[in-house]
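Readers should treat all values here as calculations from the given coordinates under stated rules, not as data from a laboratory. The model shown is predicted, which means the values in this text are computed figures rather than measured ones. A quick note on method: Cβ atoms are made from the backbone with ideal geometry, for glycine too, and the neighbour counts reach across all protein chains shown.
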Amino acid sequence: REEKQLELTLEALISQVADLKNSLVSFIYKLENEYDRLTWPSVLDSFALLSGQLNTLNKVLKHEKTPLLRNQVIIPLVLSPDRDEEIMRQTEGRVPVFSHEVVPDHLRTKPDPEVEEQEKQLITDAARISPDVAQKQIQSLNKMCSNLLEKISKEERESESGGLRQNKQTFNPADTNALVAAVAFGKGLSNRRPPGSGGSVQSGQPGAGAIIAGASGM
């Protein structure tokens, strides 16, 4: 019965992890290939989907019928440096062989010694902080986050208002088209000349012939 329950639990976990992996792959693809069309609501939807799938995975792990997986021991029965097609299929090509070189990484149940030491150091540093100092740091961080959110909201409002001002029409298309037609084709222009711009020579002013005659008589 325990083996059957363990098998059902593993199947449920594999299904949940596969859904989570597909969502991550889809989100990463959008970030890398559709970033120019990506909107903030779409990003929030992707985060909400990932958060929901992680919560579902945690519920499966914390379910009362789920056996304690930490009590299960995994022992590699066969290690070989040769390529294993079955492992390739199950790992989607990420692990071609199951050898002495890769087993410590894939079957590790504790972090690397360096990571574990850093984690212990962080826990020690956190324990040294008094509750009052921790509360002040939390308040300071919350204030910084609030100011940052306010600046982002202000920038969004200014950007939206600037876009509205840019989209507002500041000219009359009909007048512009009429002006272009008049300059390029003379459309709508009058053929009448203003008075005094042409015609016979006014009296009292010698004509061209009189000027030439006077010059020859000199």
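What the table below lists for this structure:
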item	result
Set of lysines with alpha-carbon distance to residue 151 below 28 Å, sequence-local pairs under 8 removed	30, 136, 143, 168
Dipole magnitude (debye, nearest 20) for the range 28-168, charges at Cβ of Lys, Arg, Asp, Glu	740
R0 of 30 Å, Cβ-Cβ distance residue 117-residue 13: FRET efficiency to nearest 0.05	0.50
Tail weight of P(r) past 20 Å, computed on alpha-carbon pairs of the range 1-72, percent	43
Among 76, 118, 51 - extreme Cα towards positive end, dipole of the range 35-138, charges at beta-carbon	51
Segment residue 3-residue 161, extension gain: residue separation times 0.36 nm, minus the distance between their alpha carbons	50.5 nm
Using a Förster distance of 30 Å, the FRET efficiency for residue 70-residue 138 (Cβ separation, nearest 0.05)	0.40
Net charge dipole size for the range 112-162 [Lys, Arg +1 and Asp, Glu -1 on Cβ; Debye, nearest 20]	440
Fraction of the pair-distance distribution of the range 112-162 above 17 Å, Cα-Cα pairs, percent	61
Cα point-scatterer Debye curve for the range 1-138, base-10 log of I(q)/I(0) at q = 0.13 Å⁻¹	-1.00
Nearby lysines by direct alpha-carbon distance to residue 65 (threshold 28 angstrom, same-chain neighbours under 8 apart not counted)	4, 21, 110
FRET efficiency estimate (nearest 0.05) - Cβ-Cβ, residue 110 to residue 80, R0 30 angstrom	0.75
